[in-house]
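The values are calculated or read from the model by the stated rules, or taken from the named source; none is laboratory data. Computed from a prediction, not measured in an experiment: that's the story for all the values here. Because the Cβ atoms are built from the backbone with ideal geometry, glycine has one as well, and the counts that use them run over all protein chains shown.
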């Protein structure tokens, strides 16, 4: 699986998102923030994960400090586009992402949020 990496283009200080493959299961670990200046990396990562045939893929977000509404939307839209039986497991997301998903996309069957 090819994981998109940061393009190194200009962006405001502190607005960085790094993504690396998980060593033990299909998915990625993200660190930094998901916002306007890092959205292209986030969306490319989600697209790459969804394009693989894994029934379940994991997105570990314990090192993500912020997710804006558009970043949450990209995650929810990706989940909505998955074929029946496929799902995304989001582990340890920041509180803002949990609240956004509960508010705007409650009960999305292809998206599982694990807080521990």
- prompt: Can we say residue 85 is surrounded by fewer than 18 Cβ atoms within 10 Å (Cβ to Cβ) and either closer than 18 Å to residue 60 by Cβ or free of Cβ contacts under 8 Å to residues at least 12 places away in the same chain (or both)?
  reply: no
- request: Note down all Cβ pairs under 7 Å where the first residue falls in the stretch 36-51 and is touching a residue at least 24 places away in the same chain (Cβ under 8 Å), the second is part of a helix (DSSP H, G or I) and buried (at least 16 other Cβ atoms within 10 Å of the Cβ), and they're at least six residues apart or on different chains.
  value: 39/71; 42/71; 42/74; 43/74; 46/74; 46/75; 46/78; 50/78
- prompt: How many residues, within the stretch 83-93, are in a loop (DSSP other than H, G, I, E, B) and at pLDDT 95 or above?
  reply: 3
- prompt: Say we look at the stretch 25-42 and pick out the residues that are under 15 Å from residue 90 (Cα atoms) and not in a strand (DSSP E or B); which of these is farthest from the chain's Cα centre (by Cα)?
  reply: 25
statement: Note on the stretch 102-116: residues crowded, with 16+ Cβ neighbours inside 10 Å and either within 11 Å of the chain's Cα centre (by Cα) or within 17 Å of residue 49 (Cβ to Cβ) (or both) are 108, 110, 111, 113
message: Checking residue 59 against (1) buried (at least 17 other Cβ atoms within 10 Å of the Cβ); (2) over 11 Å from the mean Cα position of the chain (by Cα): exactly one of these is not met. Which one?
response: (2)
- request: Take the stretch 72-86 and flag every residue that is in contact with a helix residue (DSSP H, G or I) (Cβ under 7 Å, 6 or more places away or on another chain) and farther than 23 Å from residue 33 by Cα.
  value: 81, 82
